[in-house]
Structures are given as C-alpha cells and as structure tokens.
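A.B. asks: The structure that follows is given in the form of structure tokens.
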Amino acid sequence: MIVSNSKTILAVQGLHASINGKEILKGIDLTVKRGEIHAIMGLNGSGKSTFAKVLAGHSAYEITAGSIQFENKNLLDLPPEERAHAGLFLAFQYPVEIPGVANIQFLRLAYNTIQSQRGKEELDPLEFDDFVREKMKLLNMKPDFLDRSVNEGFSGGEKKRNEILQMALLEPRLSILDEMDSGLDIDALKTVANGVNQIMNKDNATILVTHYQRLLDYIVPDFVHVMHAGRIVLTGGKELALELETRGYDWVINHSESTNKVTA
Amino acid sequence: MVINTDYLERSLELWPFTNTKPSSWLNQLRANAIDQASMLRLPTKRDEEWRFTDISALTHLPFRPSQPENIIHIGDVEHLFLKEAKIRLVFIDGYFSSSLSIFDPTSLTVGNLPMFLSSNSAYLESHLGRLAKYEDNVFTALNTAFLSDAAVVSIPKNAAVRDPIHLLFIATQNEVTSYPRCLLVCEEGSNITLVEEYIAHNNAKYITNSVSEFFLAPHANVKHIRIQRENLEAFHLANCAVSLDRASQYQSISISTGARISRYNQNVFLNDEAAECTIDGLTMISNQQLADTHSCIDHIKPHGTSYQQHKCIVNEKAHAVFNGRIVVRPHAQQTNSSQSSRNLLLSKTAQVNTKPQLEIFADDVKCAHGATVGQLDEEELFYLGSRGLSPATARSLLTYAFAAEVINRIPVTSLRQRLEQAILYQKSE
C-alpha cells in the first residue's frame, strides 16, 4: 500500500556491483518506503537475484560505485548479520540445508539473536515453542516440521514456507523475497502469499524478485520495476506486470535499448 | 645412574614381574608378552601403518609405570559420571577404585581383574589376551606384559542390561604410563550398552596405553561408545579387538577430542555368518594435536554387513589421520559393506590424511566407499549471517551440524548432551 508521507526505508543510488571482476549491476536506483510492495521483474541473468544478494550483504560481490541507505544507516558498512539486526531480511531462492541441526533449534537461535540485538526479550525453549507454533498456523505448517533438520529433505514448497516462517518470526522492516514462487504449485503459492500478506503492514515493506507475473496475482505490488542488463529499465504500477505478461520481455528490452540510443 | 630415555627400553627395564615364576597362566601371558615386546621396536614413519603419525616424541619420555595411589575424592570426579549408568567401574591410572565405582560384588558378572582371578580364573584365561594379538604390536605387547588390573564385564546368556555400563579411566599421575585394559564377554543373545571413557583429572603429562577385547557370542548385541578426551599433554595409544559370532550385532561410536598424540586401532572380526557392525567415528581436534584412527573390518564368513562412517573436524595446526581397511575374505560371499570418510578443515593449516583400503577376495559382494575433504560452506555461512548469527556462532553451528550425525547416534542422553554443548561452545577460528 502506498501511504502518503511515509518514511523511506531503502534508498539505492547508482549501485554498481561485480563478481570476479565481471560487472553485474550497472547503476541501480530504487527507493522503497514504509507500507510499499515493490516487484522487481526480469529475465534470468538480468541481475535481479544479484541485487537481492547485494542488499543482504553477500561477500562474493564487490560494490564498485553507488550507495545504499537503510533507514538511517549506510548499509554497505554493515556485515550480513548487522543488516539482519537492523531489520533487513532475505528469503532465499535456494535456502541451504543444514543436516544435523533441528529446525526449531535454528529458528530459536535466529529469533533470540535478533531479539537481543534489538534490546528485546529472548524466549526460552518452551515459550518459543508456543510462539513458533502460533506463527506456523499462518502458513499451514505441520508440527513435525520443527523437529526435522533445517531444510533437509524439504520439498520446494516446504523450504519456501520455512523462509516465510522466518520472516514472520524476525519481523523485518524490509523483506526481499527472491523467486518466492519458483517450485510452488498453485495451492502452496496461495498459502505462502497469504502468509506474506498477513505479515505486511503500514510500517514494513517488501521487495518481490520474480520472473513471472503469477505471484503478483496473490501479492499485489504497488510498483513494478523491470530489470535488464543490470539496470532498472522501466517502472510502473501493478498493470505493468500484466502488460509484460501479454507483450513479453522483448517489448521492454527493445523499448529500453531504443531509449538508451536516444539518450546516448 | 643414567636413566634410559627410550620408552620401550625403559619399560622393559621396569617390568615388575621379573622375579615371578610363570606358575599361573597370567604370569605366563605377561612373560610371553614382555619377551615379545623386547623383540619389537617402536614404530616410525618409515612403517607403512605409521607413515603419517610421528611418535618420536614418545621415545624420549622416561616414564615409569603408574602406581596404585588412590588420591581422588568422589567430589573431584562425580561430574564425569553418567546419571543413566547404574553400573560404573572407575580406574585411576589404570587401577580399580572400588570407592568411586558402583557394582554388585555378589553378581560376579562385572568387576576387576583380581576379583575374577579369585573366582573364575579359567573363564578369564579363555578370553584375556586371546583377541588382542601382541605378536606384532609393541603397544599391545607392553599392555599385556604390565597387565595387573582390568575392567571385566561378562554378560550372561540372553541377559539384557537396560542401562549403560560406564567404564571410566581417569589419569592423574605425572610422567607415568598407565595400562588400562577392558574385557567384555557377551554370551549368546545378550544385549548391552557400554561406555568406555578416557579422561585426565589434571594437566599431568602421561601415556595411556590401553587394550580392549570384546567377545560377542551368537545373537549378542553390543553398543560400544568410546570417548577419548585426554588432556593436551597426553599420549593415547589404544587397541581394540572385537570378535563377532553368528548374527551378532556390534555398534561402535568413537569420539576422539583429546591427547597431544593419539592412535586408535580398532579391529573387528566378523567371524561367523550374518554378523553386523556399524562403526561411527568422530575426531575433533585443534592446536597441534595429532589423532590417528586405524580400523580394520575383517569379513571372514558370508552374509556379513558392515557400515562405517568416520568424520574428522580439524582446526588450527592439528592433523588427523584415518585409515579404513576392509577385508572381504574368499568365503565371505554376499558381504555388504560401506565406508565413508568425511573431513572438515576449519583452518588453512589443518591437515588430514584419509585412506580407504579395500581388500576384496570374494566375487559376490557389495562394497562402497567414499571420501571427502572440505571447508565450511560460504553459502551456508551467508545464510546464517542473513538470519542475524555472528560469524563465530554460524561457524560453531555448522561445525556442530557436521559432528551431529555421529553424536546423535549415542544412545545415552546425558552423554550426548554433554558432547553437544562441548562442540557448540568450542571456539572456531
């Protein structure tokens, strides 16, 4: 939802990033305010997943130019864990599996770490158990989910639910959901989208990184940005996603390349 | 007088049974063993079986054999006890301490060597020293030559001992060698869980030279948990020999975290059909520790099954060695065997040598093996960092996760929790 006079959570300006000397992001500008949902769409290789990882602080990427302001902090000064403490959350496209660590043990460790960093109360195992089971209802998750190893042997849908469960527990200011719909059937997609919608409020914001329009039927964005070759080439409202669906990415790419030529 | 600084020569000089006539079988056993030891030499890196493990530091230690001095009070060591264990035998520097132990002296199935010698010498004679061969192993020869006490556990036919039996070997004396010894005889159809644990009470510098012999009769079922957490000054040299009779089951979980230099030889003989063994090992070392595990699983008869997994977690300048030998003899058809060696290096200076050694002489068998050496995964560390965990916490959690596969198999809850805590709160680089 677009709220008038809402505070800015994220301000990205002229962001350039490379991996192994190869430039992937070539000048990104993006402003996200409280209450807003932004969708970043683009073909594979357009740089949208890289942008998500750079926001979360992945060390493989080198920032060569630009700035990222997160609330009142310079995000680029912070390692990944401090970004998480500050309220940034990335739901991974491919969450890692950690055999040997029970999911509930991991969830409680993450929750209590964030709570103590924010000066809030930690929960003991019994209190946490009640708390997490309540949150799991949002996502229709079975209780045995807590005793299994983190993401080990989880189906695609279960992994995504586990990511959104973490989002619900950690109460981030800004969530970046990377390809949340990949590997989900329509029922799982509805459940996950419903969970995200319930977590959204006027004080937080979400960036959906997605290839397909399908997800946006269930989580309706306020803004749609199209990425191509490491830049945002077109920004519009939710109707832009539908237009993309009918006209295809070629339309935007041709459009942006012709615009570039004109400006050049 | 010049003290001989060679461990072996000094041990031969200080052999205490020189004036005993070999009237009894035990004196004869000791005499044979010391004769054998005098014909052997300490291994060096030139020996194939010791090529990665340099024990030359040991050859300059003028250590005398430990003496029975019972100076330990129960308050000093009770934190080491396991609440699940209703039977506990405690040995201080290799000598039995009845005041620290719990057992029923009237049952005569669990006790120490002198007790069994007075009540059932013939039974001991038919087992002790029969499995752990000293002919070509100098450490087993010395242990046998100095044999004066031992933990003896004899489980009668079809008896199922529900609670674990704890054999606790505590080192206290400085500059000594102790010779712990275990004998386990499980009669047909019996079922037990045994925890064999080595630990130091202080920072003494010492050598533990231990030998364990396990006999499993047909259909016996043994769970053997071995914990080696000696202090970082210690040398730990251990031999364990296990004999499996028809359709018996042996499950072994060995955890090594201690000692400056340790070597554990575990030899399992599947002596009759349909025997099964599961051997899990975990070595977790740092500083300048060296930990060497050599196992041999010998499939002698058909339809045997063995499953082996060995994991090493090596930090700082430590060095781990694993040599897993699996033999399938010509008659051991329909053997099913698998072995996996997985190794995690936590620093640039850590080192591991791992070697699977399969010797298969039968043609209708299934044998698989694999080895991996890796580091903590950057993507996993990033994932945990993105959830707010500090790099140190993320590393501990992933290290713990690597170890958990072995630790989670320990069927004694308090022991498992003790180890989990020790790993989770261990600092990694």
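The values are calculated or read from the model by the stated rules, or taken from the named source; none is laboratory data. Because the structure is predicted, anything quoted here is derived from the model rather than measured. Backbone-built Cβ (ideal geometry, glycine too); neighbour counts: all protein chains shown. Surface areas here come from the heavy atoms of the whole protein model, side chains and all, with no ligands, DNA or RNA. Shrake-Rupley method; radii C 1.70, N 1.55, O 1.52, S 1.80 Å.
A.B. asks: With Cβ to Cβ distances under 11 Å as the rule, what net charge do the other residues near residue A:34 carry (K, R +1; D, E -1)?
C.D. replies: Its environment carries a net charge of +1.
A.B. asks: Excluding residues on the same chain fewer than 8 positions from residue A:159, give the lysines whose Cα lies under 25 Å from its Cα.
C.D. replies: Within reach: A:48, A:53, A:135, A:137, A:142, A:190.
A.B. asks: Quantify, in whole percent, the carbon and sulfur part of the accessible surface of chain A (1.4 Å probe; protein heavy atoms only).
C.D. replies: Working: 5650 of 11730 Å².
For chain A, the apolar C and S fraction of the accessible surface comes to 48 percent.
A.B. asks: Of B:317/B:355; B:45/B:348; A:7/A:238; A:160/B:355; A:120/A:202; A:160/A:202, which sit over 29 Å apart, Cα to Cα?
C.D. replies: Beyond 29 Å: A:160/B:355.
A.B. asks: Rounded to the nearest 500 deg cm²/dmol, what is the calculated helix-only ellipticity per residue at 222 nm for chain A, with -39500 (n - 2.57) per DSSP H run of length n ≥ 4?
C.D. replies: When only DSSP H runs of four or more count, the value is -11500 deg cm²/dmol.
A.B. asks: Roughly how big is the B-A contact, given as buried accessible area in Å² (both sides, 1.4 Å probe, nearest 100)?
C.D. replies: 1900
A.B. asks: On to the next question. Between beta-carbons, use under 12 Å as the cut-off and find the net charge around residue A:128, counting Lys and Arg +1, Asp and Glu -1.
C.D. replies: With Lys, Arg at +1 and Asp, Glu at -1, the net is -4.
A.B. asks: Averaged across the residues of A:149-156, what count of C-beta atoms belonging to other chains lies within 10 Å of each residue's C-beta?
C.D. replies: 1
A.B. asks: Compare the peptides B:203-210, A:57-64 by average per-residue count of other Cβ atoms within 10 angstrom and give them in order, highest first. Show your work: numbers first, answer last.
C.D. replies: On the way: B:203-210: 21.6, A:57-64: 15.5.
Listed from highest to lowest mean packing, they are B:203-210, A:57-64.
A.B. asks: Per residue, how large is the accessible surface of chain A? Use a 1.4 angstrom probe and give square angstrom.
C.D. replies: Values: 11730 Å² over 264 residues.
Using a 1.4 Å probe on heavy atoms only, each residue of chain A averages 44 Å².
A.B. asks: What nm distance separates the two modelled labels at residue B:357 and residue B:9, each placed 7 Å from Cα along Cα→Cβ?
C.D. replies: 3.0
A.B. asks: Could you give the accessible area per residue of segment B:378-429, probe 1.4 Å, as a whole number in Å²?
C.D. replies: With all protein chains present, segment B:378-429 gives 41 Å² per residue.
A.B. asks: What FRET efficiency comes out for the pair residue A:44/residue B:203, r = Cβ-Cβ distance, R0 = 60 Å, nearest 0.05?
C.D. replies: Approximately 0.50, to the nearest 0.05.
A.B. asks: Going highest first, how would you order B:92-104, A:170-182 by mean Cβ packing within 10 Å? All intermediate terms of the calculation are to be shown ahead of the outcome.
C.D. replies: Details: B:92-104: 18.9, A:170-182: 22.5.
By packing density, highest mean first, the sequence is A:170-182, B:92-104.
A.B. asks: Between residue B:287 and residue A:130, what is the spin-label point distance in nm, taking each point 7 Å from the Cα along the Cα→C-beta axis?
C.D. replies: 4.6
A.B. asks: In addition: Within 10 Å of each Cβ in A:80-86, how many Cβ atoms from other chains are there, averaged over the peptide?
C.D. replies: 5
A.B. asks: For residue A:69 and residue A:186, FRET efficiency with R0 = 25 Å and r from the beta-carbon atoms, rounded to 0.05?
C.D. replies: Numbers: r = 38 Å, r/R0 = 1.52.
For residue A:186 and residue A:69, the calculated efficiency is 0.10.
A.B. asks: Roughly how far apart, in whole Å, are the Cα centres of segment B:379-429 and segment A:150-171?
C.D. replies: Distance between centres, Cα-based: 20 Å.
A.B. asks: On full extension of the chain, what length is gained from residue B:349 through residue B:46, given 0.36 nm per residue of separation minus the C-alpha to C-alpha distance?
C.D. replies: 106.7 nm
A.B. asks: Moving on. Residues of segment B:375-408 with accessible area at least 30 Å² lower in the all-protein-chain context than alone (1.4 Å probe)?
C.D. replies: Residues meeting the cut-off: B:379, B:380, B:382, B:383, B:385, B:386, B:387, B:388, B:389, B:397, B:400, B:401.
A.B. asks: How much of the accessible area of segment B:77-209, in percent, comes from carbon and sulfur atoms when a 1.4 Å probe is used?
C.D. replies: For segment B:77-209, the apolar C and S fraction of the accessible surface comes to 48 percent.
A.B. asks: Take residue A:201 and residue B:133, extend 7 Å from each Cα along the Cα→Cβ direction, and tell me the distance between the two endpoints in nm.
C.D. replies: For residue A:201 paired with residue B:133, the spin-label model returns 7.4 nm.
A.B. asks: Leaving ligands, DNA and RNA out of it, report the carbon-plus-sulfur percent of the accessible area of segment B:236-328 at a 1.4 Å probe.
C.D. replies: Summing carbon and sulfur atoms, their accessible area is 41 percent of the total for segment B:236-328.
A.B. asks: When the helices in chain B are scored as -39500 (n - 2.57) per DSSP H run of 4 or longer and the sum is shared across all residues, what 222 nm value do you end up with, to the nearest 500 deg cm²/dmol?
C.D. replies: Details: 8 runs with 85 residues, N = 429.
Here the helix-only value at 222 nm equals -6000 deg cm²/dmol.
A.B. asks: How charged is the neighbourhood of residue B:178? Take every other residue with its Cβ under 12 Å from the Cβ of residue B:178, and add Lys/Arg as +1 and Asp/Glu as -1.
C.D. replies: Around residue B:178, the surrounding residues sum to -3.
A.B. asks: Based on the mean of other Cβ atoms within 10 Å per residue, sort peptides B:370-383, B:279-292, A:24-37 so the most packed one is first.
C.D. replies: Details: B:370-383: 14.9, B:279-292: 22.3, A:24-37: 19.8.
My ranking of the peptides, most packed first, is B:279-292, A:24-37, B:370-383.
A.B. asks: Follow-up question, since we're still on this one. Report the one residue of B:401, B:390, B:422 whose Cα lies farthest in the direction of the positive end of the charge dipole of segment B:378-429 (charges on C-beta: Lys and Arg +1, Asp and Glu -1; origin at the Cα centre).
C.D. replies: In segment B:378-429, that residue is B:422.
A.B. asks: Which whole-Hz couplings ³J(HN,Hα) result when phi for each residue of segment B:210-226 is put into the Karplus expression 6.51 cos²θ - 1.76 cosθ + 1.60, θ = phi - 60°, listed in order with x for Gly and Pro?
C.D. replies: Karplus-based 3J(HN,Hα) across segment B:210-226 equals 10, 9, 10, 10, 10, 10, 10, 6, x, 6, 6, 9, 10, 10, 10, 10, 10 Hz.
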